[in-house]
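Worksheet: the structure to be examined is printed underneath.
The values are calculated or read from the model by the stated rules, or taken from the named source; none is laboratory data. Just so you know, these numbers come straight off a predicted model, no measurement behind them. All Cβ positions, even for glycine, are placed from backbone atoms using ideal geometry, and neighbour counts span all protein chains on display. What goes into the accessible areas is simple: the full protein's heavy atoms, side chains included, and nothing from ligands, DNA or RNA. Shrake-Rupley method; radii C 1.70, N 1.55, O 1.52, S 1.80 Å.
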Amino acid sequence: MGEICARMWLLGYYEILYRVSSIEYAPIFLSSEIFEKVILMITNEDISKVAADLGTRVLLSTGGYLKELLKKVGDQSRLQMAENLSAYTEQLLQKHCNVKTLFYGDSPRFIYDFFVYQDIGNSKHEFQDVCVRDMLAVGTRFLISGIGGAGKSILMRHLLYDSVKSIDYMPVFIELRDLNSSEASLFDYILYEVAKFGLNIEDPTLDAMLSDGKVMLFLDGFDELKLNIRDSVRKDIIEFADRFPEIRIVVSSRPEEEKTGWHQFMEFGMRPLSVDKIEKLVNFLKMDDTKRSQFLVDIKEKLIVSHESFLSNPLLLTLMAVSYSRNASIPTRRHLFYEQVFDAMWNQHDAMKENFAREKTCGLHKDDFMMLFGGVSLHTYKDSAVSFSPSVAKQAVARSSRLLGIMVDPDLFIGDLVIATCMMIRDGIDLRYTHRSFQEYFTAYFVGKMSVDIRTKIWNELFSRMMFDSVFDLLYEMESASVESEFLIPRLRNMIEEVECSEDPHLAYLKRVVGRVIVQKIVDAESSPERYNISWARTNELTIAEFVIRHANPGWMDKVNENLNKLENLYPVNHVDSESPIHECCRKLFLALEEGDNDVQIVPGATGKCEQEVVAFAARHYPHMFMSYYDAIKSSFDMVNSKHIQFLKGIDSIFS
């Protein structure tokens, strides 16, 4: 008994130290080994406590079918239900709220050891230090979007933990990338995940909770789904939401160009880190104290101006700290930044040994190691996989090794990826990239080293993913002349020639930049008459054109965006109500359908009167489709093509 009391006193004492002190300074009071154990004790105690509290609260606050069910069972059965729910929740939190990071890749860390509360917002609402209660005060369906490294996955885990502490809903957390290797529907996969964490899939309690809305569903990483299944998974999510209208759903994703299908969801964007949050995050990072202090001084005095986009992104800020620790300077271009980060990780164990560069256990020098890792990254990138089994990793290493003629032991190479360079971490029995951005950088690095004929085969694949990752942008930074001459200039020249030679240039242009117009019927029992939404899907040609405009002359893009804002004030929404002249056309389109689907997709150039009017309506509402935009495309093409011609002439003059 005395030992237990002493242990509890020690735990309480060091919890106070841990709560009020920086994680960097608490070890001053005790050895690092004991400190790690104290943190683990506190973490497990916290998770067990909040999980136990939730089990009781959910059953006490239940209504509907579940309430009637509980009346029919005895006290012992009700107690068992609460214990089952608590045990499930504890396992869920242990799995998703203890994570490995770049700085802490050796063992999982509780997210609040390094989490900095983040802000999200949209045109109507701004949430500082966002929490679940704030979100549920304004809606029940949410789509949180942010660029790579913005902290979406950690935020989702914070919201998961916060929901368990503060509201009376059973949490369900799904990493959507797991659906890449599953043919199950979302509903079936949710049931599988719940059962995996200890709740019987046959238990009527689960069905009752879904029906009564006592569930909060977190779907993390929609952008990590393979491209060919995203539409079907999106449809599954919508159908699941329709089937259980009372449940709360939060989806995270990188920004999508098309928002088709998310009309029921309120979209919130991740806000950049403020200066005070930047400082908090830097203080959490494992750095030499002297370099940390100088890094913070440089941030305030100069980097906040020159590198604001890097600093305000949690991942890039973390990588900046890695780079700064070794170089005391930060490049302004992203590919140089990633190169410097990798160099820091490659040499981190030997930085104190002058004129000594250690060969890794796999025996490869840095250049060969980077090329081989680039090949592995391309293989896994193609499959949209950032997490995979060791056997898949070995296959990718073996295939890349044969392709490049670089002989290596796959096990030793993978070991160096995990231990020597921290590019990957072990996550249970699987391997995963420390962050997707490393996969994207090394994919771009590898493609940039390929021959022209090989690159020609994959340009379309790389560009089609540009809205979801940074591979194409990184490749353009590294090899702008190759990207322009091999891909951008030929594609734009082809489009311009077709439009110029057409009898109807407007229609020819519309066909090239608009893939389809989507008319969606809004299913709402209170809606009379029916309502519609009209949206549209862009083609690669339009995305290519905007890419060229943005890089050829950013001022033109600013002008285009200014005109967009003016026109969107005239046509602020894509909502079609009964007073709109296009309403009757939409109604006739749906009357003509035999399948009874809730959406119609029209290809520009359709001959039917209704179809033509709908496309014209969409064109009027979406300024991207206007011919005035075509002028900017032509001017940008002329500028890029002229630059390329001058470059070729310059090369010829060197050898003439």
Problem set entry | Candidates Lys277, Lys291, Lys300, filtered to the one that is over 26 Å from Ser535 (Cα atoms), at pLDDT 85 or above, of a type in the set (D, E, K, R) and touching a Ser or Thr at 6+ places or on another chain (Cβ under 6 Å) | Lys291
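Kindly indicate which of Met209, Met216 is buried (at least 21 other Cβ atoms within 10 Å of the Cβ) and either at pLDDT below 85 or among the polar types (S, T, N, Q) (or both).
Numbers: Met216 fails: either at pLDDT below 85 or among the polar types (S, T, N, Q) (or both).
Testing whether each residue is buried (at least 21 other Cβ atoms within 10 Å of the Cβ) and either at pLDDT below 85 or among the polar types (S, T, N, Q) (or both) leaves just Met209.
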Problem set entry | Scan of the stretch 219-230 for residues that are part of a helix (DSSP H, G or I) and either open to solvent by less than 30 Å² (accessible area, probe 1.4 Å) or under 28 Å from Asp134 (Cβ atoms) (or both), ordered by number | Phe222, Asp223, Glu224, Arg230
Exercise. Inside the stretch 75-105, can you point out the residues that are at pLDDT below 85, open to solvent by 40 Å² or more (accessible area, probe 1.4 Å) and more than 24 Å from the chain's Cα centre (by Cα)?
Worked result: Asp75, Gln76, Ser77, Arg78, Leu79, Gln80, Glu83, Asn84
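Given Asp236, Asp220, which one is touching an Asp or Glu at 6+ places or on another chain (Cβ under 7 Å) and in contact (Cβ under 8 Å) with a residue 40 or more places away in the chain? Write out each step before concluding.
On the way: Asp236 fails: touching an Asp or Glu at 6+ places or on another chain (Cβ under 7 Å).
Answer to the selection: Asp220.
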Seminar exercise, completed: Of (1) touching a residue at least 12 places away in the same chain (Cβ under 8 Å); (2) within 23 Å of Gly151 (Cα to Cα), Val305 satisfies every one except (1)
Seminar exercise, completed: How many residues of the stretch 142-156 are modelled with pLDDT of 90 or more, touching a helix residue (DSSP H, G or I) at 6+ places or on another chain (Cβ under 8 Å) and open to solvent by 20 Å² or more (accessible area, probe 1.4 Å)? The answer is 1
Problem set entry | Residue count, the stretch 465-477 (criterion: surrounded by fewer than 20 Cβ atoms within 10 Å (Cβ to Cβ) and in contact with a helix residue (DSSP H, G or I) (Cβ under 6 Å, 6 or more places away or on another chain)) | 2
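Go through the residues of the stretch 187-195 one by one and say whether even a single one is touching a residue at least 24 places away in the same chain (Cβ under 8 Å), of a type in the set (Asp, Glu) and either on the phi > 0 side of the Ramachandran plot or open to solvent by 40 Å² or more (accessible area, probe 1.4 Å) (or both). Lay out the reasoning, then the answer.
First, pick out the residues of the stretch 187-195 that are touching a residue at least 24 places away in the same chain (Cβ under 8 Å): 187, 190, 194.
If we keep only those that are of a type in the set (Asp, Glu) too, we end up with none.
Within the stretch 187-195, none of the residues are touching a residue at least 24 places away in the same chain (Cβ under 8 Å), of a type in the set (Asp, Glu) and either on the phi > 0 side of the Ramachandran plot or open to solvent by 40 Å² or more (accessible area, probe 1.4 Å) (or both).
If you check Val233 against the conditions, is it among the β-branched types (Val, Ile, Thr), touching a helix residue (DSSP H, G or I) at 6+ places or on another chain (Cβ under 7 Å) and either open to solvent by 60 Å² or more (accessible area, probe 1.4 Å) or assigned to a helix (DSSP H, G or I) (or both)?
Details: among the β-branched types (Val, Ile, Thr): yes; touching a helix residue (DSSP H, G or I) at 6+ places or on another chain (Cβ under 7 Å): yes; either open to solvent by 60 Å² or more (accessible area, probe 1.4 Å) or assigned to a helix (DSSP H, G or I) (or both): yes.
Spelling it out, Val233 is indeed among the β-branched types (Val, Ile, Thr), touching a helix residue (DSSP H, G or I) at 6+ places or on another chain (Cβ under 7 Å) and either open to solvent by 60 Å² or more (accessible area, probe 1.4 Å) or assigned to a helix (DSSP H, G or I) (or both).
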Problem set entry | Tabulated pairs, the stretch 470-498, first at pLDDT 90 or above, second crowded, with 21+ Cβ neighbours inside 10 Å and of a type in the set (Gly, Ala, Ser), C-beta under 6 angstrom, 6+ apart or interchain | Val471/Ala444; Leu474/Ala444; Leu475/Ala444
Seminar exercise, completed: When every residue in the stretch 249-265 that is open to solvent by less than 50 Å² (accessible area, probe 1.4 Å) and under 29 Å from Asp168 (Cβ atoms) is compared, the one modelled with the lowest pLDDT is Trp262
Exercise. Taking the condition of a type outside the set (S, T, N, Q) and over 30 Å from Val519 (Cα atoms), does Asp236 pass?
Worked result: no
For this session: Inspect all residues belonging to the stretch 174-182 and state whether any of them is closer than 30 Å to Asp469 by Cβ, under 17 Å from the mean Cα position of the chain (by Cα), in contact (Cβ under 8 Å) with a residue 40 or more places away in the chain and not in a helix (DSSP H, G or I).
Result: yes
Exercise. Going through the stretch 367-416 one residue at a time, which ones are open to solvent by 30 Å² or more (accessible area, probe 1.4 Å) and in contact with a His (Cβ under 7 Å, 6 or more places away or on another chain)?
Worked result: Arg399
Seminar exercise, completed: Counting only residues in the stretch 163-173 that are part of a loop (DSSP other than H, G, I, E, B) and touching a residue at least 60 places away in the same chain (Cβ under 8 Å), the one surrounded by the most Cβ atoms within 10 Å (Cβ to Cβ) is identified as Tyr169
Problem set entry | Only listed residue being out of contact with any Gly (no Cβ under 7 Å at 6 or more places or on another chain), closer than 19 Å to Ser253 by Cα and either polar (S, T, N, Q) or modelled with pLDDT under 95 (or both), chosen from Leu159, Leu191, Leu179 | Leu179
For this session: Count, please, the residues in the stretch 248-283 that happen to be in contact (Cβ under 8 Å) with a residue 40 or more places away in the chain, under 24 Å from His158 (Cα atoms) and not basic (Lys, Arg).
Result: 20
Problem set entry | Which numbered condition Ala328 misses (of (1) open to solvent by 60 Å² or more (accessible area, probe 1.4 Å); (2) hydrophobic (A, V, I, L, M, F, W, C); (3) closer than 25 Å to Asp119 by Cβ) | (3)
For this session: Give me a count of the residues in the stretch 412-434 that are closer than 21 Å to Ser153 by Cβ and not in a strand (DSSP E or B).
Result: 7
Exercise. Of these, Tyr112, Tyr117, which one is aromatic (Phe, Trp, Tyr) and under 20 Å from the mean Cα position of the chain (by Cα)?
Worked result: Tyr117
Seminar exercise, completed: From the option list Ser400, Ser384, Ser437, Ser391, single residue qualifying as out of contact with any Leu (no Cβ under 9 Å at 6 or more places or on another chain) and either in a strand (DSSP E or B) or within 25 Å of Asn228 (Cβ to Cβ) (or both) is Ser391
Problem set entry | From Glu308, Glu339, residue being at pLDDT 85 or above and open to solvent by 60 Å² or more (accessible area, probe 1.4 Å) | Glu339
